[in-house]
């Protein structure tokens, strides 16, 4: 059996098809892990970042080792490069799905922001409102520190009350005594009908 197994690894089907596929999958795995590891490093996670780094390097060593054993196999090189590209795409997609960390959202609106401010407070967001002077007159600048996974719902809420507001988002590495809604999305739970008449959109 061992002789047959050794012969299988030297066949053309393994060298030209199976090996490049394995290298491609390995590269996807290690690059995806590496992308997520970098995110954990930037957030100061001392436990998961080293653990992910271990598996990232281990998979990479296995993949590069197989290439060194098949130095003339062009398919292995193509699979290695293709896996790297696909791994970056998949890693970023995974990170977006995880939506880890917190962000600072800055809202600048010229329209009266009282309804928007009341709606944000009603849903439990911790906000800071500043009256400022813009090129075209007085504006409201609203700051809110929120978890990334509720950004989409928060933007929908902003667009409901102030659709022309300027919105910018920045990463926050640390926030002390943050105030977050107790639920992922009270807006999604209650919908438009769930808000008191006080917060209905003005004409």
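The values are calculated or read from the model by the stated rules, or taken from the named source; none is laboratory data. These numbers come from a predicted model, not from an experiment. No Cβ is skipped: glycine too gets one built from the backbone with ideal geometry, and neighbour counts run over all protein chains shown.
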Number of the exception - residue 150 against (1) out of contact with any strand residue (DSSP E or B) (no Cβ under 9 Å at 6 or more places or on another chain); (2) over 25 Å from residue 44 (Cα atoms); (3) surrounded by 17 or more Cβ atoms within 10 Å (Cβ to Cβ): (2)
Every residue from the range 44-79 that is over 30 Å from residue 16 (Cα atoms) and in contact (Cβ under 8 Å) with a residue 40 or more places away in the chain: 44
Residue among 118, 164, 88 that is within 30 Å of residue 19 (Cβ to Cβ), in contact (Cβ under 8 Å) with a residue 40 or more places away in the chain and not in a strand (DSSP E or B): 88
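Is it the case that some residue within the range 40-52 is part of a loop (DSSP other than H, G, I, E, B) and farther than 25 Å from residue 154 by Cβ? Don't jump to the end; show me each part of the working.
Narrowing the range 40-52 to residues part of a loop (DSSP other than H, G, I, E, B): 43-47.
Now restrict to residues that are farther than 25 Å from residue 154 by Cβ: 46-47.
Checking the range 40-52: at least one residue is part of a loop (DSSP other than H, G, I, E, B) and farther than 25 Å from residue 154 by Cβ.
May I ask you to say which residue of 108, 167, 155, 142 is modelled with pLDDT of 85 or more, farther than 30 Å from residue 41 by Cβ and surrounded by fewer than 18 Cβ atoms within 10 Å (Cβ to Cβ)? Show your work before the answer.
Values: 167 fails: farther than 30 Å from residue 41 by Cβ; 155 fails: farther than 30 Å from residue 41 by Cβ; 142 fails: surrounded by fewer than 18 Cβ atoms within 10 Å (Cβ to Cβ).
Going through 108, 167, 155, 142 in turn, the sole match is 108.
What residue, of 88, 45, 118, is surrounded by 14 or more Cβ atoms within 10 Å (Cβ to Cβ) and at pLDDT below 85? Explain how you work it out, then say what you get.
Details: 88 fails: at pLDDT below 85; 118 fails: at pLDDT below 85.
It is 45.
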Condition broken by residue 96, with the remaining ones in (1) in a helix (DSSP H, G or I); (2) surrounded by 15 or more Cβ atoms within 10 Å (Cβ to Cβ) satisfied: (2)
